[in-house]
1. How large is Rg over Rh for the range 158-291, taking Rg from the Cα atoms and Rh as the Kirkwood inverse mean of 1/r across Cα pairs?
2. Using just the helices of the chain, give the 222 nm mean residue ellipticity in deg cm²/dmol: DSSP H runs with n ≥ 4 each add -39,500 (n - 2.57), and the total is spread over all residues, rounded to 500.
3. If we count chymotrypsin sites (Phe, Trp or Tyr not before Pro) as exposed when they sit in a DSSP loop and have at most 13 other beta carbons within 10 Å, what is the longest stretch of the chain that avoids them all?
4. Once R0 is set to 30 Å, what does the formula 1/(1 + (r/R0)^6) return for the Cβ-Cβ distance between E194 and I153, expressed as a FRET efficiency to the nearest 0.05?
5. Based on Cβ point charges of +1 for Lys and Arg and -1 for Asp and Glu, what charge dipole magnitude is obtained for the range 205-305 about its Cα centre, in debye rounded to the nearest 20?
6. Going by Cα centres, the range 178-228 and the range 238-312 are how many Å apart?
7. Find the relative contact order for the chain and round it to a whole percent, using C-alpha pairs within less than 8 Å whose residues are 6+ positions apart.
8. Using θ = phi - 60° and the Karplus form 6.51 cos²θ - 1.76 cosθ + 1.60, what ³J(HN,Hα) does each residue of the range 124-132 get, whole Hz, x for Gly and Pro?
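Readers should treat all values here as calculations from the given coordinates under stated rules, not as data from a laboratory. Owing to the predicted nature of the structure, the values given are computational and were not obtained by experimental measurement. No Cβ is skipped: glycine too gets one built from the backbone with ideal geometry, and neighbour counts run over all protein chains shown.
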Amino acid sequence: MDTLRIIFMGTPEFGLPALKELNEKYGVKAVVCQPDKPSNRGVINYSPIKKYALENNIKVYQPIKLSEDFVDILKENPNLIITCAYGQIIPDDLLRYPMYGCINIHASLLPKLRGGAPIHRAIMEGYNETGITIMKMSSKLDAGDIISQRKVIIEDTDNVGTLHDKLSIVGKELLMETIPSIINRTATYTKQDESMATYGWNIKKEDERIDYQETTREIVNKIRGLNPWPGAYSLLSGRIVKIWNARYGNNYYSDALNGQITNLYSDGIGVKTQNGEIIITELQLEGKRRMSANEFVNGVVNKEVLVGRIFE
């Protein structure tokens, strides 16, 4: 077997366990990640992938447009490219270059949930399970041949943060188990069934707003699927309120409007939904810190005025 010359392409924390394991076992010649972004205060923030690379003396490339600027990357003469949540389209010339191919760690059971937000969407859409796919990269979005997959159960207690962390570890493990079969040419490559393809598109601002015309289950799934980032929200008296946690309620108030606060419980605020109620247990008023619903209620001088108000 030739010595592996691996380039790792990724930006967010999701790919960090895989990068660490690759570097420890095989060595990584270079990483490619998105350009640095300044914070609100103008401070340049390095991505988790770049931070690790710099700390471990791995060369870093950050092309603004990979499609126009990848010649220097080829000077590393990679024979295996591994991508994980990189964030740019990989040009065909780069995909075809490595002898062992260009493979991707994707956080869903393809062909389900192609796209940039498969973890969020799996919870928001009420999936009971998701997983990791190791696939051969193609020019079409997440449509390459499947090399290996592993399922991960979505627990009722999972939010996007906990599921992200589980899948990140499974992604590392499955990648490391799959690489030897790629190198010794025993891997199988299975074409995806296009008729089964669905998409987990990136989260837009309008996706974050809670619609109380939806069912209790749909609303709770949205809250879980957006916690801890970017967060689901509603408007209360014209102010943005992030809703971080909620549970299912047991009551149905036929004479209440959807979105109306119907009751104050020992652990939260009851809000009417299309088919029942949610109990908001953690929230964040615009400009304030996250707090339990009880803290929020106790901060209101006249608690009775809350009942009857409407989340929009």
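1. Here Rg/Rh amounts to 1.15.
2. Calculated mean residue ellipticity at 222 nm is -7000 deg cm²/dmol.
3. In short, 1-188.
4. With R0 = 30 Å, the Cβ-Cβ based efficiency is 0.65.
5. Here the range 205-305 has a charge dipole of around 300 debye.
6. Value for the Cα centre distance between the two parts: 29 Å.
7. This gives 13 percent for the chain.
8. Taking θ as phi minus 60°, the curve returns 4, 8, x, 5, 8, 8, 9, x, 10 Hz for the range 124-132.
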